[in-house]
Amino acid sequence: MSLMASIKIPLGTKIPGFQLSDPNGQSHSSDNLFGEKGLLVVFTCNHCPYANAVWPRLISIAKDAKQEKVNSIAINPNINPAYPDDAPEKMIDKIKDFGIDFPYLVDEKQQIAKDFKAQCTPDVYLFDGNKELVYHGRIDNNWQDEDKVTCHELKEAIDSLVAGEEGERRQNPSMGCSIKWLETKND
């Protein structure tokens, strides 16, 4: 397990368009995934302890955000034979076991993760209705113990987006396992 942090991406960056399938083969386009107010995109996986610790929080945040017209998706870039727990058939189990009610997509070629400049699982991006980045950072300030969270950064960013406010400009990086690249990333 190699700990990585997300890198700084300028706010206002447009979402890289994409077309990905879920583990059942249903295709999803970034253009059709947006809610009226925006889209939460989280690069995550099944095996990473950091990702697993925050999956329940992510599911809860996504449920609340949907009521505010912000849709959510998760993207698994760890489709790597060395990590069989992240295989699409295991994603089906995760969706069922965790009750994930938003698209959990397969980035089999890892190109979308590269287009987003994703580094770790989880790596969190929030886009507004104009498809511009308004938040890129951690979910909250304690990935290990939800009871010790004192700062709910992602939830606050969603609340600011929904209220039409600019929101907090300082964004702490997300931290988690490195993405399991199929080849060395030199681009």
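Throughout, read-outs are computed from the coordinates displayed, never taken from laboratory work. Note that this is a predicted model, so its numbers are computed, not measured. Methodologically, a virtual Cβ is constructed for each residue, glycine included, from the backbone with ideal geometry; neighbour enumeration extends over all protein chains shown.
The order of the peptides 171-181, 11-21 by mean Cβ neighbours within 10 Å, most packed first, is 171-181, 11-21. Residue-wise HN-Hα couplings along the range 21-35, as the Karplus relation 6.51 cos²θ - 1.76 cosθ + 1.60 with θ = phi - 60° gives them from phi, are 9, 7, x, 8, x, 7, 7, 9, 9, 4, 4, 9, 8, 5, x Hz; Gly and Pro carry x.
Go through the range 15-106 and name the GluC sites (Glu not before Pro) that are in a DSSP coil and have 12 or fewer other Cβ atoms within 10 Å of their Cβ. Sites meeting the loop and neighbour criteria: Glu36.
For the range 1-146, the relative contact order comes to 36 percent (Cα pairs under 8 Å, sequence separation of at least 6).
Subtracting the Cα-Cα distance of Ser160 and Lys114 from 0.36 nm times their residue separation leaves 13.8 nm of extension gain.
The ratio of the alpha-carbon radius of gyration of the range 17-93 to the globular-protein estimate 2.2 N^0.38 Å is 1.14. Model label sites at Asp64 and Trp181, defined 7 Å from Cα along the beta-carbon direction, differ in position by 3.5 nm. Taking 26 Å as the cut-off for C-alpha to C-alpha distance, list the pairs among Lys63/Lys180; Lys131/Lys155; Lys90/Lys180 that go past it. Beyond 26 Å: Lys63/Lys180.
With the alpha-carbon atoms of the range 105-187 aligned to their principal axes, the span from lowest to highest coordinate is 40, 34, 23 Å, starting with the largest.
Note on Lys96: aspartates and glutamates with a C-alpha under 19 Å away, same-chain residues under 8 apart excluded, are Asp22, Asp85, Asp86. Extent along the principal axes, Cα only, for the range 1-150: 38, 37, 29 Å, with the longest axis given first.
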